[in-house]
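Written out below as structure tokens is the structure these notes cover.
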Amino acid sequence: MNAMRSYSFERRLSPASYSLLLERRLSKAAYWISSGILGVLGAFLLLFRLGQASLNDWDEAIYADIARTMARDGHWMTMRWMGHLWFEKPPLLMWCQATFFKIFGTTEFAARLFPALCGLGLILLMPWFGKLLRNYWIGMAAGAMLLLTNEFLFRSRFGTMDIPLTFFLFLAFYAFLKLEPDHPRYWLLVGVAL
């Protein structure tokens, strides 16, 4: 009995062994393949049957109506809802929705495509965030957990500003962490994302 206990405790990995396993360098192909698999899974879960359900009554329908008016009238700098000026939210979501309305027609799919693409971008940003913080596989796990979270899937497939805001904040934070004293080019990405 004692031999069995000592064997099981001696076979455990020390914390130093964990860090060696987790921080092992991978080839660029391994990074791209694993991120590609996560991206394909994310694209399937976020884009499959995206336009099946009708728009929800409140925020989603308001934003889509403003975007439809923009696309129809060509007034891209003046947002209107029910004939009145509407400046309660920033216009990026409505601009993107109006652009997709021009491309795909005025459909539920086009109204929800920009938040879904931002959700996909957020999932794909997680592994590179992990790599930046010295652990790519923790980032992959974070992206997979985010992808399999019911609330994230719901919000990403919903035509509101929640997921685009989260994506651009994470993009700005990622660019800020990439800053180097001699190469401040990432400040441009921080500024664009914010």
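Excluding A110 itself, what net charge comes from residues whose Cβ is under 15 Å from its Cβ, given Lys and Arg +1 and Asp and Glu -1? Working shown, then result.
Values: positive: R49, R68, R72, K102, R112, R157; negative: E60, D65, E108.
Around A110, the charge tally is +3.
Using a probe radius of 1.4 Å on heavy atoms only, what accessible surface per residue do you get for segment 125-175? Whole Å² is fine.
Working: 2540 Å² over 51 residues.
So segment 125-175 comes to 50 Å² accessible per residue, rounded to a whole number.
Kirkwood Rh over Cα pairs of the chain into Stokes-Einstein at 25 °C, 0.890 mPa s: D in µm²/s? Spell out each step's value before the answer.
Values: Rh = 19.3 Å.
Rounded to a whole number, D works out at 127 µm²/s.
For segment 95-137, count all C-alpha to C-alpha pairs, find those more than 12 Å apart, and express that count as a whole percent of the total.
Values: 567 of 903 pairs.
Roughly 63 percent, rounded to a whole number.
Sorting C96, C118 by accessible area (1.4 Å probe), largest first, what list results? Present the calculation step by step, with values, prior to reporting the outcome.
Working: C96 30, C118 5 Å².
Greatest to least solvent exposure: C96, C118.
5 Å is the cut-off here: which amide hydrogens, built 1.01 Å from N in the peptide plane, fall below it relative to W81, excluding neighbours closer than 5 in sequence?
W86
What share of Cα pairs, in percent, lie more than 14 angstrom apart in segment 108-182?
Result: 61 percent of Cα pairs exceed 14 Å.
Across bins of 5 angstrom width beginning at 0, how are the C-alpha pair distances of segment 68-107 distributed, in whole percent?
6, 26, 36, 22, 9, 1
Using only DSSP helix segments of four residues or longer, with each worth -39500 (n - 2.57), what per-residue ellipticity at 222 nm results for the chain after dividing by its residue count and rounding to 500?
Working: 10 runs with 134 residues, N = 194.
Calculated from helices alone, the mean residue ellipticity at 222 nm is -22000 deg cm²/dmol.
Using a 1.4 Å probe, how large is the accessible area of F170, given in Å² and rounded to the nearest 10?
80
Segment 49-99 to segment 106-137: how many Å between their Cα centroids?
22
Given a 1.4 angstrom probe, I'd like the percentage of the accessible area of the chain that is carbon and sulfur, rounded to a whole number.
65
Can you list, bin by bin at 5 Å, the percent of alpha carbon pairs in segment 56-135, starting at 0?
3, 15, 23, 19, 13, 8, 7, 7, 4, 1, 0
How much accessible area does E180 have with a 1.4 Å probe, in Å² rounded to the nearest 10?
100
Sort 32-45, 153-166, 64-77 for me by packing, meaning the mean count of neighbouring Cβ atoms within 10 Å per residue, highest on top. Walk me through the numbers before you get to the answer.
Details: 32-45: 15.2, 153-166: 19.3, 64-77: 16.9.
Highest-to-lowest ranking by the protection proxy: 153-166, 64-77, 32-45.
The values are calculated or read from the model by the stated rules, or taken from the named source; none is laboratory data. What you see is a predicted model, and the numbers here were worked out from it, not measured in a lab. For neighbour counting, all protein chains shown are included, and Cβ atoms are generated from backbone atoms with ideal geometry for every residue, glycine included. Calculation scope for accessible area: heavy atoms of the full protein, side chains included, ligands and nucleic acids excluded. Shrake-Rupley method; radii C 1.70, N 1.55, O 1.52, S 1.80 Å.
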